[in-house]
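Have a look at the structure below, then the notes.
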Amino acid sequence: MSEILLQYQVNERGQKPSGLRLYDDGRMQRPSPENSLPGATDRLDQPRSLIWVEDRTLNPAQINSVKESIRACGFFGLPAKLLINYCKEDPPAAIWSITLDDFSHQVVVYDPRPKRSKEIDLLLEALEALLKPTV
């Protein structure tokens, strides 16, 4: 049975959830457009139960590339919460969960955008390069 290797979901008030789920067998999923907006009292820094839809399947070399990127970026050394350094009411949050080499770790990034965490940025860059459509 395959297990989730990497998952992240971005929760933002007034926006449909976005993100990615990648299984160790190569299956990749995205949040369904049918997912509802977060409710007025839903916490954005907590994972939501989402409907995920199949996107594509990565080959073993691509999965190994993702695993190497995870190992190289330093994700497992990050604190569980990456706080913003200014006060913003109800900031969006990205919840990252990774299980690799018998390690599991979850990181919440408040007000996610580039340069919040070099480790997350490196991982996102590797994922974007890998998932770029080929023409």
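Just need a number here: residues in the stretch 1-26 that are aliphatic (A, V, I, L, M) and in a loop (DSSP other than H, G, I, E, B).
Number of matching residues: 1.
Scanning for something under 16 Å from Ala126 (Cα atoms), touching a residue at least 24 places away in the same chain (Cβ under 8 Å), in a helix (DSSP H, G or I) and over 14 Å from the mean Cα position of the chain (by Cα), does the stretch 51-60 turn up at least one residue? Yes - at least one qualifying residue is present in the stretch 51-60.
Here is a list: Gln29, Gln46. Which entry is out of contact with any helix residue (DSSP H, G or I) (no Cβ under 6 Å at 6 or more places or on another chain), part of a strand (DSSP E or B) and of a type outside the set (Phe, Trp, Tyr)?
Gln29
Residues are listed down the side, and each one gets a yes or a no for (1) in contact with a Pro (Cβ under 7 Å, 6 or more places away or on another chain); (2) buried (at least 17 other Cβ atoms within 10 Å of the Cβ); (3) of a type in the set (Lys, Arg):
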{"residue": "Tyr8", "(1), (2), (3)": "no, yes, no"}
{"residue": "Gly14", "(1), (2), (3)": "no, no, no"}
{"residue": "Gly19", "(1), (2), (3)": "yes, yes, no"}
{"residue": "Leu22", "(1), (2), (3)": "no, yes, no"}
{"residue": "Asp25", "(1), (2), (3)": "no, no, no"}
{"residue": "Pro33", "(1), (2), (3)": "no, no, no"}
{"residue": "Leu37", "(1), (2), (3)": "no, no, no"}
{"residue": "Leu44", "(1), (2), (3)": "yes, yes, no"}
{"residue": "Pro60", "(1), (2), (3)": "no, no, no"}
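When we screen Pro38, Pro47 for residues that are touching a strand residue (DSSP E or B) at 6+ places or on another chain (Cβ under 7 Å) and closer than 12 Å to Arg13 by Cβ, the only hit is Pro38. Considering only residues in the stretch 88-135 that are closer than 20 Å to Ile4 by Cβ and of a type in the set (D, E, K, R), the one that is surrounded by the most Cβ atoms within 10 Å (Cβ to Cβ) turns out to be Glu119. Note on the stretch 114-129: among residues that are outside any loop (DSSP other than H, G, I, E, B) and among the small types (Gly, Ala, Ser), the one that is nearest to the chain's Cα centre (by Cα) is Ala126.
Just so you know, all these numbers are worked out from the coordinates, no wet-lab data involved. Predicted model, so just to flag it, every value in this text is computed and none were measured. Note: ideal-geometry Cβ built from the backbone for every residue, glycine included; neighbour counts use all protein chains shown.
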